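The values are calculated or read from the model by the stated rules, or taken from the named source; none is laboratory data. No experiment lies behind these values; they were computed from the predicted model shown. Positions of Cβ are generated from backbone atoms using ideal geometry, with glycine treated the same way; all protein chains shown enter the neighbour counts. Ligands, DNA and RNA are stripped out before the accessible areas are found, and what is left, the full protein with its side chains, is counted by its heavy atoms. Shrake-Rupley method; radii C 1.70, N 1.55, O 1.52, S 1.80 Å.
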Amino acid sequence: MAFDPLQERGIPLEKQWRNWSELNSKPYDSHNVEPHTRVRLLILDAMESESFRFSHQFSRHSTNPEIRRALALTRRIELQQKNVIHNLIPAEESNLALAIGQEQMAVALTAFLAQTESNVEIRQALEFGLLEELDHLYRFSNLWDLIDGKKATELTGPFTEITVGRPTSEQHRHPYDTLPNPSLTASDNAVAQLHLLTLAATEMQTMDYYLTISNRPIEPLARGLYLEIAQIEEQHITQYESFLDPNLSLLQQEVLHHYNECYLYYSFLLQEPDLRLRQLFELHLNMEIGHLEAATGWSQSGLEISFQCLPDSRQYAVCKWSGFCPREWFLAVQ
Ligand SMILES: [Fe+2]
Ligand SMILES: [Fe+2]
Ligand SMILES: [Fe+2]
Ligand SMILES: [Fe+2]
């Protein structure tokens, strides 16, 4: 039976507030965490940021005070969700360890999306990007070995191959060459739009992260590597976001963001082996259904919206929501 968040009842927005201690979540145990739990959390961390940043852009372009108030309310809840997800990452994971986590996420997500993508143009872009992510993972892994004498497989487990990809020195392109010529609209392939939105969000998070920490290490080699790879992540953001349908209205895009968050929390809820995190994903799923309900309700207050940009339930059956990341990546769900 397909899951359709538009048919579900979520938590009303006014009941979504959490107190300070609930926001300051207890980090996971980095010695026992399942490597793909870390990947899932990094994807969710990125998507929460994407949602509240998009909400700011929407608000700046809206002249409707009611919509601005509604956006401000939902956006603050998004930030609370972000706080909870973000603080699950333990301090004992060094900046470099977290960079390896970001690149494992990029390799795993890009590879999975390439395998499931039916559109040739998008698939080629994903395969092209994958070769670059592999080299990033390889280079940060070598740096960790060099600086701290540690092996990246301690973090990545047996799931992600650490091997040379397209050499990073050959990845730098003219900005015009990072723009594909997409021929798709959201209603042609709504599931691909969700996937590309997620991927663009993760690339943005990775670039921001490298830009933030590039001046933290003492070693010039590490400082140089962060800034060099940040430049490539900018190329990746441009490449993937170019496939997003530019004809969607801001309200349609707002709906798409919450819908995508539902898609991710539902998928990860089915895959997550850690009971505490499963409960958190379920809570956030119910909150996201509430966001979706609220945003779709705005369309009844004078704003036109077409839901053709969302996948219909037949597409859920094809893409098997829970198949967002293949089950075999993960421990069996209890
Ligand atoms: Fe959210
Ligand atoms: Fe990367
Ligand atoms: Fe990337
Ligand atoms: Fe949301």
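May I ask you to list the residues in region 202-254 that are more than 16 Å from ligand 1 (Cβ to nearest atom) and of a type in the set (Asp, Glu)?
Glu203, Asp208, Glu219, Glu228, Glu233, Glu234, Glu241, Asp245
Within the group Leu143, Leu88, Leu134, Leu42, which residue is surrounded by fewer than 23 Cβ atoms within 10 Å (Cβ to Cβ) and within 24 Å of Glu241 (Cβ to Cβ)?
Leu134
Residues are listed down the side, and each one gets a yes or a no for (1) within 16 Å of ligand 3 (Cβ to nearest atom); (2) under 24 Å from Lys82 (Cα atoms); (3) crowded, with 20+ Cβ neighbours inside 10 Å:
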{"position": "Thr238", "(1), (2), (3)": "yes, yes, no"}
{"position": "Leu256", "(1), (2), (3)": "no, yes, yes"}
{"position": "Tyr265", "(1), (2), (3)": "no, yes, yes"}
{"position": "Glu272", "(1), (2), (3)": "no, yes, yes"}
{"position": "Glu282", "(1), (2), (3)": "no, yes, no"}
{"position": "Asn286", "(1), (2), (3)": "no, yes, no"}
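Which pairs have Cβ atoms under 6 Å, sit 6 or more apart or on different chains, and link a residue in region 73-96 that is within 16 Å of ligand 2 (Cβ to nearest atom) to one that is outside any loop (DSSP other than H, G, I, E, B)?
Asn95/Ile213; Leu96/Trp144
With the condition kept exactly as written, say whether any residue in region 147-156 is touching a residue at least 12 places away in the same chain (Cβ under 8 Å) and within 13 Å of ligand 2 (Cβ to nearest atom).
No, that holds for no residue.
Name the pairs whose Cβ atoms lie under 8 Å apart, with the first residue in region 120-133 and in contact (Cβ under 8 Å) with a residue 12 or more places away in the chain, the second open to solvent by 10 Å² or more (accessible area, probe 1.4 Å) and of a type in the set (Lys, Arg), and 6 or more positions between them or separate chains?
Close Cβ pairs (under 8 Å, with a partner that is open to solvent by 10 Å² or more (accessible area, probe 1.4 Å) and of a type in the set (Lys, Arg)) amount to Leu131/Arg166; Glu132/Arg166.
Give region 222-253 a look and list any residue that's outside any helix (DSSP H, G or I) and out of contact with any Pro (no Cβ under 7 Å at 6 or more places or on another chain), or say none.
Leu244, Asp245, Pro246, Asn247, Leu248, Ser249
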